[in-house]
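Visitor: The following block contains the structure, expressed as structure tokens.
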Amino acid sequence: MKRNYWIVGDRSISGKIGKVKAAGDVSAFDADIAKLHVAGNLDIANSFVQKLRAAGEVNAEDTDFGYCKAAGDVNIKGISKADTFVIVGDLSADLLECRLLRNASKGTVRTGKNFFEFSGSFKAETFESLFAFRLNCKYDFKNIVTAAEFFYDGVLECENFYSFNVIEMEGVNAEKIYIYPSSASKLEIATGTNINISTTRGLDRVFKSLPKSLSNAYYTRLKLLPVSIMTLISIEGDNINIDHVKADRVSGLNVKIGDLCVIDRVEYKGNIEVSEKAIINEVIKL
Amino acid sequence: MKKTYVDGIGSLYGGSYDEVTVSGIGKLKGDLKANKLNVDGMFKSKGRIEADSFINDGMSRIYGDVKVGELRIDGMFKARCSKIEADSIYCDGIIVCTGEVSADNVEIEGLCSIAELYGDKIKIQYNASANNTVNIPGFFKSAANSFFGRPVSTQYSLVDTIECTDLEADRLKVNTIKANNVTLGPDCVVDYLECNGKLEIDPSCKIGKTNKDIKTESHNCQNGNRGTANTEVTIDKIIEDKNLDKTAPQVQKIIKKYQAGKITLNEVKLMLDALNPK
């Protein structure tokens, strides 16, 4: 039979456990826990926690999680797997594999000088960033959705990239790219199949079908930055739809240049649409 | 895949089905996945519903999240503490939701009372000729409100917040509208309206606050910017402030667009900012 624990103070637990509510330090090993709420430090090894909510430091070793939400520092040794992993604080892991990874609690879209960082290796189907974040760890993210400032040194590669805030990186290479244009963003090259840089929220069908820990309505309600024009060097893709963009070169199969674009050279193979509010120096049909 | 039906009184404990039909009084006690869910009688759900199509011809009381492709309501649909997500929603009856409703296309021709409505294209048309003569007496009104969990009115469609791309509505009472294009028909009451594109408002509407900048911008666009000495001085000053060369081809093109009335002064500023990001 599964046991439930109410813990005040320090405690060590193991075996099949139902619900644990702890105020104090908890040490768990060889445990299978259905629900663990802990306010204090947690040291856990060779265990599985279906649902973890922790406020304090978490040190985990070879432990898998179902849903994990932790506020504080989390250190993971060995390989850990999780379905949804939400961390508010610094995270370091030898290897964390999860379906959904998020770096802040719901509703936190903060910008400023502070930013979170992860260290180690991370693999996730979708990474959602709701707090200013610098990506300087080993990553394998299929989808990246960022609602706060996002920094990366180099060319970011993933399948679907959605940015609703300021980004700073050398380039982005993805199947589907949506970027909300901002003059504060620093991006040189965008390469992809479908590229959409637009002040119209890019909550298309692809976005809606992405696995996310937050609802689509959350992203619909996101407060967007004031309208400004984003500067890039080059945009290359199959289908390109841009507005509020200044670029040296735009090259694509089907190109739609929207309002307030200032483009030096546009190359296209198929169709082109140009807004009367856009300025283009040179249009070339390939 | 299985088909199941309730043709009298019965309960469903959830699971995956091809088609689920409730013709009498049915109760769902677990999570349900189905291609098609038809309700012809009374239906109460305490689980999560995922379906391609949900056709409600009777009365549904929903206490779990609903994620469907198509939601058609001909009877009464009451959702409490739940989230409705759909590709398209068509309502010819009554829809009441204390949580959020989000769908690409929403068309409501009946009576609605919704806390949060999000979508791409939203059309709320209240069939006034059929209903406006009905007035719910005081006691029944409070009983109806406590039954539905939200205030309901036979005079207006009631929504707390609407956020969408295109909104078309009449006889709508709403606290906040945030939309790109808004067309408000007769007798709408709006506390706060934020519109970034086309805005059409019937004179009988009562609007509290609006975002005025958009109004002035569109006004400028219609009138063009040609001619007056003041505007020329202003654009010259902007170019000077930004240390730009007025003879540069891109600057010249921007000035031409402005003089042709294609872009507004604010847009000129944005474009010149981009030319000189310092």
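Visitor: Counting just the residues of segment A:250-263 that are open to solvent by less than 60 Å² (accessible area, probe 1.4 Å) and in a strand (DSSP E or B), which one comes out nearest to the other protein chains (Cβ to nearest Cβ)?
Guide: A:V262
Visitor: Determine which member of the set B:I239, B:I263, B:I207, B:I255 is at pLDDT 80 or above and touching a helix residue (DSSP H, G or I) at 6+ places or on another chain (Cβ under 6 Å). Steps first, answer last, please.
Guide: Working: B:I239 fails: touching a helix residue (DSSP H, G or I) at 6+ places or on another chain (Cβ under 6 Å); B:I207 fails: touching a helix residue (DSSP H, G or I) at 6+ places or on another chain (Cβ under 6 Å); B:I255 fails: touching a helix residue (DSSP H, G or I) at 6+ places or on another chain (Cβ under 6 Å).
None of the other options fit; the residue is B:I263.
Conditions (1) at pLDDT 95 or above; (2) open to solvent by 10 Å² or more (accessible area, probe 1.4 Å), marked per residue:
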| site | (1), (2) |
| --- | --- |
| A:S80 | no, no |
| A:I87 | no, no |
| A:S105 | no, yes |
| A:R110 | no, yes |
| A:N114 | no, yes |
| A:S129 | no, no |
| A:F133 | no, no |
| A:I144 | yes, no |
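Visitor: Does A:A104 satisfy the criteria of being in contact with a Gly (Cβ under 7 Å, 6 or more places away or on another chain) and either over 17 Å from A:Y139 (Cα atoms) or not polar (S, T, N, Q) (or both)?
Guide: no
Visitor: Would it be correct to say that B:Y63 is farther than 24 Å from B:L172 by Cβ, aromatic (F, W, Y), free of Cβ contacts under 8 Å to residues at least 40 places away in the same chain and buried (at least 18 other Cβ atoms within 10 Å of the Cβ)?
Guide: For B:Y63, the condition - farther than 24 Å from B:L172 by Cβ, aromatic (F, W, Y), free of Cβ contacts under 8 Å to residues at least 40 places away in the same chain and buried (at least 18 other Cβ atoms within 10 Å of the Cβ) - is not met.
Visitor: Can you confirm whether A:S183 is surrounded by fewer than 22 Cβ atoms within 10 Å (Cβ to Cβ) and either assigned to a strand (DSSP E or B) or within 13 Å of another protein chain (Cβ to nearest Cβ) (or both)?
Guide: Yes; evaluated as a whole, the condition is true for this residue.
Visitor: How many residues are open to solvent by 60 Å² or more (accessible area, probe 1.4 Å), part of a strand (DSSP E or B) and closer than 18 Å to A:E61 by Cβ when one looks only at segment A:14-29?
Guide: 1
Visitor: Please verify whether A:A278 is open to solvent by less than 20 Å² (accessible area, probe 1.4 Å), over 28 Å from the mean Cα position of the chain (by Cα) and within 14 Å of chain B (Cβ to nearest Cβ), treating the condition exactly as stated.
Guide: Taking the combined requirement at face value, the residue satisfies it.
Visitor: What tally of residues in segment B:1-26 results from selecting those that are in a strand (DSSP E or B) and open to solvent by 70 Å² or more (accessible area, probe 1.4 Å)?
Guide: Here the count works out to 4.
Visitor: In the set A:K212, A:K223, which member is within 19 Å of A:S129 (Cα to Cα), within 14 Å of chain B (Cβ to nearest Cβ) and modelled with pLDDT under 90? Break it down stepwise before answering.
Guide: Details: A:K212 fails: modelled with pLDDT under 90.
The unique qualifying residue is A:K223.
Visitor: Any idea which residue in segment B:217-232 is modelled with the lowest pLDDT, counting only those that are surrounded by 12 or more Cβ atoms within 10 Å (Cβ to Cβ) and more than 14 Å from chain A (Cβ to nearest Cβ)?
Guide: B:T231
Visitor: Could you check segment A:202-244 and list, in sequence order, the residues that are in contact with a Lys or Arg (Cβ under 9 Å, 6 or more places away or on another chain), closer than 20 Å to A:A174 by Cβ and part of a helix (DSSP H, G or I)?
Guide: Correct list: A:V206, A:F207, A:N216, A:Y219.
Visitor: Another one. Looking at A:A190, A:A247 in this structure, which one is open to solvent by less than 20 Å² (accessible area, probe 1.4 Å), at pLDDT 90 or above, within 11 Å of chain B (Cβ to nearest Cβ) and assigned to a strand (DSSP E or B)?
Guide: Only one candidate qualifies: A:A247.
Visitor: Something else now. Pull up segment B:233-265, narrow it to residues that are at the interface with another protein chain (Cβ under 9 Å from one of its Cβ atoms) and under 38 Å from the mean Cα position of the chain (by Cα), then point me to the one that is surrounded by the most Cβ atoms within 10 Å (Cβ to Cβ).
Guide: B:I263
Visitor: Look at segment B:155-167 and say how many of its residues are open to solvent by 20 Å² or more (accessible area, probe 1.4 Å), of a type in the set (S, T, Y) and away from chain A (no Cβ under 12 Å).
Guide: Residues that pass the stated criteria total 1.
Visitor: OK, next. Could you list, in sequence order, the residues of segment A:215-234 that are among the hydrophobic types (A, V, I, L, M, F, W, C) and open to solvent by 20 Å² or more (accessible area, probe 1.4 Å)?
Guide: Passing the criteria: A:L224, A:L225, A:V227, A:I233.
The values are calculated or read from the model by the stated rules, or taken from the named source; none is laboratory data. What you are looking at is a predicted structure, and each value in this text was computed from that prediction instead of being measured. Backbone-built Cβ (ideal geometry, glycine too); neighbour counts: all protein chains shown. The area values use the complete protein model at the heavy-atom level, side chains included, leaving out ligands, DNA and RNA. Shrake-Rupley method; radii C 1.70, N 1.55, O 1.52, S 1.80 Å.
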